[in-house]
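Structure record follows, encoded as C-alpha cells.
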Amino acid sequence: MISKLKKMWLVITAIIFMFSLSVFCFAEPQRGYRISKYEVVVKVAKNGELDISEEVKYSSLGNSNNAVILIDKQEDEEIEIKSVYTLIKGELIECERLSAGQWDSNVFNGTYSVLQENNLVRLKVYGIFKKQQGTVIVNYNVKNSIKRYGDIALYSRNHILEGWNGYASDIDIEIQLPKYTDTARIKAFLHGVLVGQKRVLDGRTIKYNIPNTVPGEYVETRILFPENVVKDTPITDPENYLDTVLEEEKEYSESDKSNLLKARENAAKEAGKRAWNEKIQQRAKVFSTIFSILASLSGLLTIIRTKKELMKGQKKSTFELEDIPQVTPTEAQLLLTGKTGARGLLGGLFGLASKGFIKPLFGSEKNNNSLRFRLIENQNPEHLDGPEKELYQLVQTESDDLGYFDLLKYIPKSHETAQMEKFKENYSNWDNNVRNNFSEKNKLTTSQLYYRNLGLILGVTLFAAGCIISVTFSVLSAYLMLPVGFLVFWYSFSIQRKTLYSVERIKTLKKLKELIIKCNKKDKTLPVWMSDPMLLIGFSVAIGVENRLHLLGDTFEDKDAKSIEEILKKALILLNDSLSAILEY
Amino acid sequence: MLENILWMLILMAFTAIVGVLVFKDKPKKIRFIALAELALIIRFIFIFVLYKNGTEYSGTDGLIYHQVAKDIAEQLKSGIPLWNINYEYTWYTVLMGIQYALFGVNRYAASFINSFIAILSGYYLSAIALDLNFKTKRSFLIGIIYMFIPSMFVWTTDTRKESLIFFFVIMIWYMSLKVIKDRQLSMIKQGLLIVSICVLIWLSTLLRIYLLYNLSGALLIFLILYYIKTKRKLPLVFCIVVMICSLVINFTTVRENMRDYHALSLDRSKSGDEDLDEEFGSIFKTIMEKDVASAVNGFLTKPHFDDVPYITDIAANTLAIIIVKTEMMLWYLCMIVSVFGIMHAFIRWDPYLIGVLAFIVSYGLINALISENVADTYYRYRAVITAPVMLFADYRLFFQKIKALMIGSSYHGEKL
C-alpha cells in the first residue's frame, strides 16, 4: 500500500514538475498563426448564394511550405472552393486542387487541398512561403447561407473562427447585397470582438473594420435586410423573424461579454506572461549558470574531501615487492583492474598450486596443448581464505576419478548451454566471494562510507541535473555537471580501490609489472618469492605479463617457459571468451 | 480498392510470419504479434483518413516523393536500367519507383509498405532488448510502445523516408549485436552480417547523408570498447571493416550527394528562388548562427505544450492536440527516466549501450544544428532517436544497484 502511494506521489510530482517547467521554460516570444491583413469581399446573390473572396496575408504561418485557412461552415451550407491564388516570387499564381488519390501536379508551384470537417472547411495551400510569410487569395461559393424569413433575410457568417487560436490584425470585411435598398432597413451587427466598426455605406454595401483579434475572440458578422433583396432565395421560414433577431441582438448587446473580456485579458496576460517568461528565463539562465558552476565545483570538492578522508588516520605502512605474496593473484587482479575475470581465475589456480593444494601439468603436443591440475592428497584447506577454498572445492568437484582437473576441457563452448549456466553460477559465486573477501580486508570507516554515499548521491544528482537543466534552460554551462557528476559518481563507486590499503598494493603490483617487463636473465634484483614458479606464474597471469616468463632468471628452462606461455595464452583466450559470452549480456 | 485490400491482407500475413520467426522461442509472442497486427491495422485506417481529401496531414515530403517515384517508374518502364535512373531528393524515391514499376502506381500501397516496415522496426527493437537480456515482458513492452506512439503513425504511414530510416537504424544495431553476441554464428554468417551492416550504412547515407557519421562513429565506439573489454578479435575485424567501408562511402556517396543535400527546408522545390549553392551556404550560415544550447533544447523538447495548438496540421483539432500533448509529456518522462538508464549503462560499462548512446547524442546534436527551428520539424527529425532512447528507459536497475551498494558496504563493481 505504502509503495503504491509512493509510486503515485512520484508520478504526480513528475507531472507537476514537467508542467511547471513548461510554464516558465518553454515560452517563446511569438508563436502560431499571425495574420497581418485580412480582406474579405462577400457578394450576396439574389438566390442567397455567397460569392466570397478572401485575401489573407500571413506574418507567421508556422510552416514554410503550407498554410491552412479555416472556413466557417454552418448547418445546411455547401461550400465550393472556386479558386485559390498564392503569391510566388511576386506573382499571383493560381493553385491547382489536389483531389483524393490524385497527386499529379507539381505541388510547390501552387496547389491546395480541401478537407471538409463538421463545422469547418480546412483549406491547405501548398507553396513557397519565404520566412513563413505568405499571401493567399481564396474565392469560394457558399450555398444555403442566406436565411429568408417572412419579413427579413439574414446574413450570418464567422470570418474568424472562435477556435482558431491565432492573432489577426487589420481585418476588412465588405458585404455587397445584390441590389440597393433603404439604408435604414439594413441592420448590421458584429459579434465576437469588443472593438470594431460596422458601417452601412449605401443601400447595398456594408463594411466592417476590426483592428485586431486575439485567441478566444472571433469575428461574426450578421446583417438583416429586406427579404425581397434576395427574392430568388428559398424561404427558410415564412414566419416573421425580425423581432427574434432584434431580441437576440439585444441580449448579446446587454450581455457582459465576459468571454471576450476574458480573451483579451488572457491575451494581455499571455503577452505579459511572455515578457515575464523572457525575463524569468534570462534570470533562470543566469541562475542556472551560476548554479551549474557551483554544483560542479561542489562535486570536485567532494572528491577532494573524500580523498582526504581516505588518507586520514591511516598510518602509512610499507608494502614492498617482498610482501606481494600477502595478497593472492586473484586479489592482485581485482586491485589492478577492478574485476576478477579470466586472469583472476587462472591466477587463483596457480595461487592454490603455490600453496601445494594442486599441481599444474602442462601438456604440450602438436596442436594439442592442455592445462591440467592434479589434486594433491591429504591437504587441509581450512587455513585457506574463502575464495581460495571455493576454488579448491571447485577443482575437487570437477576433477576426474584420478584427481585431474582439465581446465581447457572444463571451459564450456558457446553451444553447451547447460554447462555455460553451471559455469556462470560457479564463476559468479566465486567472484562474489573474492569481492566480499576483499571488502573485509579493505573495510571502509564510517566516515569513509558517509563520503562514499554522499558522492554517489551527489554524482547521480549532478548527472541528472546536467541532463535536465542544460536542456530545459538551454544553458551550455550546465553540461559541465555531466562529466563532473559522472566523475564524482565513478570515484565514489570505485572508492575501495582508492583506500590506502589498495593504493599501496596497486603501486607495488605495478612496480612488479614494470620490473618483470624490464628484467633480463642476469637480473638478480627480483624478490625471493619469485623463485617459486607457481607463484610467479600466478602473479604474471594476474598482472598481465605471462608472456615474459622466459626472461625470468633460472626459474624456467627456455623451452619450458615458451611452451607454458603458449598454454597460458590459449587458456586465457578460451576463458576470456567463455566468460564474456556468459557474463556480458 | 480490391488491390488495396489484397496489399493489406498480404502485409498482415507477413507481419504474423515474421513475428513468429523472430520470436519463435519466446513466451507470450502471440499476444505481442496480435498487438503488432492491431498497430498495422490502425496504420491502414490512418492511411485512408490521410488521403481522403487528397490532402497532406503530415507535411508535404511524402507527396513530393510520390511524384518523383512516378517519374522513376516511367523511366524504368521505358527501359532505363536501375543504375542509370535519374532521381531527386532521396534514394527512397527509387525504392518507391521500383514498387510502382512492378505493381503499378499506387500511393496507398507505398504507404502500406511503409506501415509494414514500421512494424518490423518494432519487432527488431524488441529483439534487441531481448538480446540485451532485458526481461521478455519489458522487451515486448518497448516494441509495443514504439509501434503505438501516436506521432509514429503519422511519420511511418505517409510516403516519407522516415519509416525506412528508422528500420535501417534499428536493423544496423540489431545485426551488430547479433554478430557480437551470437557465438554460434558461422564465420560466413558473421561475414554476411557485417557486409549487410555496411550496405545498410550506405543506404542510410543515401537517405540522410549525415547518418554515415552517426552510425559508423557510434559503431566504432561500441566495437572498440567491446574489444577493450573482452579482447576478442571479432570486434576488431568488424571495426576495421566498418571503418574502411565508411571511408569509401565518405569519399564516394557523401561527396557526390553533398551538393544536393539541404536539410533546412528553406526551399524544397525546383521552382525555389534560391539556387543550391546559395542554399548550401545558407545551411552553414544557419548552423553558425545557432545557439547550441537552445537548439538542443528545441530538438529534444519541441513541440512544447504551448506550441502544440499551433502545429498547422492539427490546429483547431482538440483530440489531436490532446494526443500530441500527452505524447510529449510521456516523452519528457521517458527522457528523465532514461538519464538513470544511461548511468546504469556506464556503471556496467556496457559497450553496446554506450555505442547506442553515442549514436543518440551525435544524431541529436547534428539535427539540433541543421533542422529548421520549427516545432513540427524537430518533432519529426527526433523520431529517429525514439527507439534507441527506449532501450535506456528504466530507472529501477540503476537504483537497485545503488541501493545494494549503499546498504551493503561491499564493493560490487563490474563482473568482467
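Output yes when any residue across the range A:328-346 is at negative phi and either assigned to a strand (DSSP E or B) or more than 48 Å from the chain's Cα centre (by Cα) (or both), and no when none is. Full working, then the answer.
Taking the range A:328-346 as the starting set, the residues that turn out to be at negative phi are A:328-337, A:339-340, A:342-346.
Then drop every residue that is not either assigned to a strand (DSSP E or B) or more than 48 Å from the chain's Cα centre (by Cα) (or both), which leaves none.
No, every residue in the range A:328-346 fails to be at negative phi and either assigned to a strand (DSSP E or B) or more than 48 Å from the chain's Cα centre (by Cα) (or both).
From the list A:Ser447, A:Ser428, which residue is within 9 Å of another protein chain (Cβ to nearest Cβ), farther than 30 Å from B:Leu333 by Cα and loosely packed, with under 15 Cβ neighbours inside 10 Å?
Among A:Ser447, A:Ser428, only A:Ser428 is within 9 Å of another protein chain (Cβ to nearest Cβ), farther than 30 Å from B:Leu333 by Cα and loosely packed, with under 15 Cβ neighbours inside 10 Å.
So which of A:Leu408, A:Leu346 ends up being within 30 Å of B:Ser186 (Cα to Cα), at pLDDT below 85 and in contact with a helix residue (DSSP H, G or I) (Cβ under 9 Å, 6 or more places away or on another chain)? Quick ask: steps written out before the conclusion?
On the way: A:Leu346 fails: at pLDDT below 85.
One residue alone meets the criteria, A:Leu408.
Give the residues of the range A:133-146 that are part of a strand (DSSP E or B), buried (at least 22 other Cβ atoms within 10 Å of the Cβ) and more than 39 Å from the chain's Cα centre (by Cα), sorted by residue number.
Selection gives A:Val138, A:Val142.
Taking B:Val254 as the residue in question, decide whether it is hydrophobic (A, V, I, L, M, F, W, C), at pLDDT 90 or above and either assigned to a helix (DSSP H, G or I) or touching a Pro at 6+ places or on another chain (Cβ under 9 Å) (or both). So that I can check it myself, show each step before the final result.
Working: hydrophobic (A, V, I, L, M, F, W, C): yes; at pLDDT 90 or above: no; either assigned to a helix (DSSP H, G or I) or touching a Pro at 6+ places or on another chain (Cβ under 9 Å) (or both): yes.
Against the criterion (hydrophobic (A, V, I, L, M, F, W, C), at pLDDT 90 or above and either assigned to a helix (DSSP H, G or I) or touching a Pro at 6+ places or on another chain (Cβ under 9 Å) (or both)), B:Val254 does not qualify.
Please verify whether the range A:417-425 includes one or more residues that are among the hydrophobic types (A, V, I, L, M, F, W, C) and either closer than 30 Å to A:Met311 by Cβ or within 11 Å of chain B (Cβ to nearest Cβ) (or both).
Yes: one or more hits.
If the requirement is being crowded, with 20+ Cβ neighbours inside 10 Å, among the aromatic types (Phe, Trp, Tyr) and at pLDDT below 85, which of these qualifies: B:Tyr89, B:Tyr51, B:Tyr65?
B:Tyr51
For the range B:30-45, does any single residue satisfy the condition of being among the β-branched types (Val, Ile, Thr), over 28 Å from A:Val114 (Cβ atoms), modelled with pLDDT of 95 or more and in a helix (DSSP H, G or I)?
Within the range B:30-45 (the criterion being among the β-branched types (Val, Ile, Thr), over 28 Å from A:Val114 (Cβ atoms), modelled with pLDDT of 95 or more and in a helix (DSSP H, G or I)), the answer is yes, since at least one residue qualifies.
Taking into account only those residues within the range A:216-233 that are part of a strand (DSSP E or B) and crowded, with 18+ Cβ neighbours inside 10 Å, which is farthest from the chain's Cα centre (by Cα)?
For the range A:216-233, the residue satisfying everything is A:Phe225.
Go through A:Glu251, A:Glu270 for me and flag whichever is at pLDDT below 85 and part of a helix (DSSP H, G or I).
The match here is A:Glu270.
Are any residues in the range A:465-513 among the β-branched types (Val, Ile, Thr) and under 17 Å from B:Ala368 (Cβ atoms), and if so, which ones?
A:Ile468, A:Ile469, A:Val471, A:Thr472, A:Val475
Of a type outside the set (D, E, K, R), within 11 Å of another protein chain (Cβ to nearest Cβ), part of a helix (DSSP H, G or I) and without any contact (Cβ under 8 Å) to a residue 40 or more places away in the chain: is that true of A:Asn436 in this structure?
No; evaluated as a whole, the condition is false for this residue.
Got a sec? Which of B:Met335, B:Met390 is in contact with a helix residue (DSSP H, G or I) (Cβ under 6 Å, 6 or more places away or on another chain) and not assigned by TED's automatic domain parsing to the domain that holds B:Met152?
Result of the check over B:Met335, B:Met390: B:Met390.
Which pairs do you get when a residue that is free of Cβ contacts under 8 Å to residues at least 12 places away in the same chain, found in the range B:110-135, comes within reach of a residue that is of a type in the set (Phe, Trp, Tyr) and assigned to a helix (DSSP H, G or I), reach meaning Cβ atoms under 9 angstrom, with the pair 6+ apart or on two chains?
Taking only residues 6 or more apart or on different chains, not a single pair turns up.
Could you list, in sequence order, all residues of the range A:33-59 that are under 18 Å from A:Lys207 (Cβ atoms) and polar (S, T, N, Q)?
A:Ser53
Modelled with pLDDT under 85 and farther than 23 Å from A:Ala332 by Cα, is that true of A:Phe423?
It is false that A:Phe423 is modelled with pLDDT under 85 and farther than 23 Å from A:Ala332 by Cα.
Cβ-Cβ under 8 Å, sequence separation 6+ or interchain: first residue in the range A:562-584 and outside any helix (DSSP H, G or I), partner surrounded by fewer than 21 Cβ atoms within 10 Å (Cβ to Cβ). Which pairs?
Cβ pairs passing all conditions: A:Glu584/B:Lys181; A:Glu584/B:Lys229; A:Glu584/B:Leu416.
Do we have A:Ser494 as more than 19 Å from B:Lys403 (Cβ to Cβ), among the polar types (S, T, N, Q) and within 8 Å of chain B (Cβ to nearest Cβ) here? Spell out the reasoning first.
Details: more than 19 Å from B:Lys403 (Cβ to Cβ): no; among the polar types (S, T, N, Q): yes; within 8 Å of chain B (Cβ to nearest Cβ): yes.
No; evaluated as a whole, the condition is false for this residue.
Could you say which residue among B:Ile321, B:Ile342 is within 12 Å of another protein chain (Cβ to nearest Cβ), assigned to a helix (DSSP H, G or I), more than 30 Å from A:Gly338 (Cα to Cα) and not basic (Lys, Arg)? First the steps, then the outcome.
Working: B:Ile342 fails: more than 30 Å from A:Gly338 (Cα to Cα).
Going through B:Ile321, B:Ile342 in turn, just one is within 12 Å of another protein chain (Cβ to nearest Cβ), assigned to a helix (DSSP H, G or I), more than 30 Å from A:Gly338 (Cα to Cα) and not basic (Lys, Arg): B:Ile321.
A:Ala275 fails exactly one of the following numbered conditions: (1) in a helix (DSSP H, G or I); (2) more than 42 Å from the chain's Cα centre (by Cα). What is the number of that condition?
(2)
Looking for something of a type in the set (Gly, Ala, Ser) and modelled with pLDDT of 95 or more - is there at least one such residue anywhere in the range B:5-17?
yes
Out of (1) more than 10 Å from chain B (Cβ to nearest Cβ); (2) surrounded by 22 or more Cβ atoms within 10 Å (Cβ to Cβ), the odd one out for A:Val503 is which?
(2)
If only one of B:Val169, B:Val195 is surrounded by fewer than 19 Cβ atoms within 10 Å (Cβ to Cβ) and assigned to a helix (DSSP H, G or I), which one is it?
Sole residue among the options that is surrounded by fewer than 19 Cβ atoms within 10 Å (Cβ to Cβ) and assigned to a helix (DSSP H, G or I): B:Val195.
Looking at the range A:222-231, can you tell me whether even one residue there is over 22 Å from A:Arg199 (Cα atoms) and in the same structural domain as A:Pro211 (by TED's automatic domain parsing)?
Restricting attention to the range A:222-231, the residues satisfying the condition of being over 22 Å from A:Arg199 (Cα atoms) are A:231.
Of the ones still in play, those that are also in the same structural domain as A:Pro211 (by TED's automatic domain parsing) are A:231.
Yes, the conditions are met somewhere in the range A:222-231.
Need the failing condition index for B:Ala118 against (1) under 16 Å from the mean Cα position of the chain (by Cα); (2) hydrophobic (A, V, I, L, M, F, W, C); (3) not in a helix (DSSP H, G or I), just the number.
(3)
Here is a check on your reading of the model: is A:Asp406 among the charged types (D, E, K, R), surrounded by 15 or more Cβ atoms within 10 Å (Cβ to Cβ), in contact (Cβ under 8 Å) with a residue 24 or more places away in the chain and within 8 Å of chain B (Cβ to nearest Cβ)?
Here the answer is no, as A:Asp406 does not meet what is asked.
The values are calculated or read from the model by the stated rules, or taken from the named source; none is laboratory data. Since we're looking at a predicted model, the values are computed, not measured. Note that we place each Cβ from the backbone using ideal geometry, even for glycine, and neighbour counts take in every protein chain shown.
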